[in-house]
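The values are calculated or read from the model by the stated rules, or taken from the named source; none is laboratory data. What you see is a predicted model; the values in this text were computed from it and never measured. Virtual Cβ from ideal backbone geometry, glycine too; neighbours counted across all protein chains shown. What goes into the accessible areas is simple: the full protein's heavy atoms, side chains included, and nothing from ligands, DNA or RNA. Shrake-Rupley method; radii C 1.70, N 1.55, O 1.52, S 1.80 Å.
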Amino acid sequence: MASSTSGAGSNSDAIRYQNYLSQLERQQDAEIRDVEDEHKEKLTHLVDGHSNQESQIQKDYHIQISDEAETMEKKLALTRERNNILISQERDRGEKESDRVRTQYQQKIENEKKVGDEQLARMQDYYKKSAEELHRQYTKEQTREIQKGRTS
């Protein structure tokens, strides 16, 4: 009876541990999504700014004389190039940050899992030793009773 209770406790600990790991993974996923959403918003803002600048430059192009139009065309090309560089840099920063957070949480989960596995192994060893000791005592008691029966 005591052995089944200890097994249920160990099983319950394992389930709680698995639930804890699942919760950590969900938290990690949520935080990664938040970081990715933040970077998507920044990218959208940069693209919108780029589109607004482009629209303004095109409007000015139609109003100005031919020489100014050429100048504006060059500025537009430079703006596009600069904004493309900014977008690319922001995307790279976002990906690096996302990877860093993902790696950090993965390491944290692995560490927690390692600690949990070690605790579980110690508990299993403890319960195994306890069961063996109970079995030895039971066997010893049975031997005494058999010897008592022979002497009486």
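Being in contact with a Phe, Trp or Tyr (Cβ under 9 Å, 6 or more places away or on another chain) and either basic (Lys, Arg) or touching a residue at least 60 places away in the same chain (Cβ under 8 Å) (or both) is true of Lys113. Screening Ile109 with (1) farther than 19 Å from Gln18 by Cα; (2) surrounded by 15 or more Cβ atoms within 10 Å (Cβ to Cβ); (3) of a type in the set (Val, Ile, Thr) gives one miss only, at (1).
When Glu132, Glu90, Glu95 are screened for being within 30 Å of Leu21 (Cβ to Cβ), at pLDDT 90 or above, of a type in the set (D, E, K, R) and out of contact with any strand residue (DSSP E or B) (no Cβ under 6 Å at 6 or more places or on another chain), only Glu95 passes.
For the list (1) of a type outside the set (Asp, Glu); (2) open to solvent by less than 90 Å² (accessible area, probe 1.4 Å); (3) in contact (Cβ under 8 Å) with a residue 40 or more places away in the chain, I need the number of the one condition that Gln124 fails. All conditions pass for Gln124, except number (2). Test Lys114 against the stated conditions and say whether it is of a type in the set (Lys, Arg), part of a helix (DSSP H, G or I) and under 28 Å from the mean Cα position of the chain (by Cα). The answer is yes for Lys114.
Taken over the stretch 84-105, the criterion of being closer than 15 Å to His45 by Cβ and in contact with an Asp or Glu (Cβ under 9 Å, 6 or more places away or on another chain) is satisfied by Gly94 alone.
Note down all Cβ pairs under 7 Å where the first residue falls in the stretch 12-32 and is closer than 23 Å to Asp99 by Cα and assigned to a helix (DSSP H, G or I), the second is among the aromatic types (Phe, Trp, Tyr) and at pLDDT 90 or above, and they're at least six residues apart or on different chains. Listed by first residue and then by second, the contacts come to Gln28/Tyr105. When the stretch 88-110 is limited to residues that are of a type in the set (S, T, N, Q) and touching a residue at least 12 places away in the same chain (Cβ under 8 Å), the one that is farthest from Asn11 (Cα to Cα) turns out to be Ser98.
Quick one: in the stretch 25-52, which of the residues that are polar (S, T, N, Q) and open to solvent by 70 Å² or more (accessible area, probe 1.4 Å) is nearest to Ala69 (Cα to Cα)? Applying the filter and picking the extreme gives Asn52.
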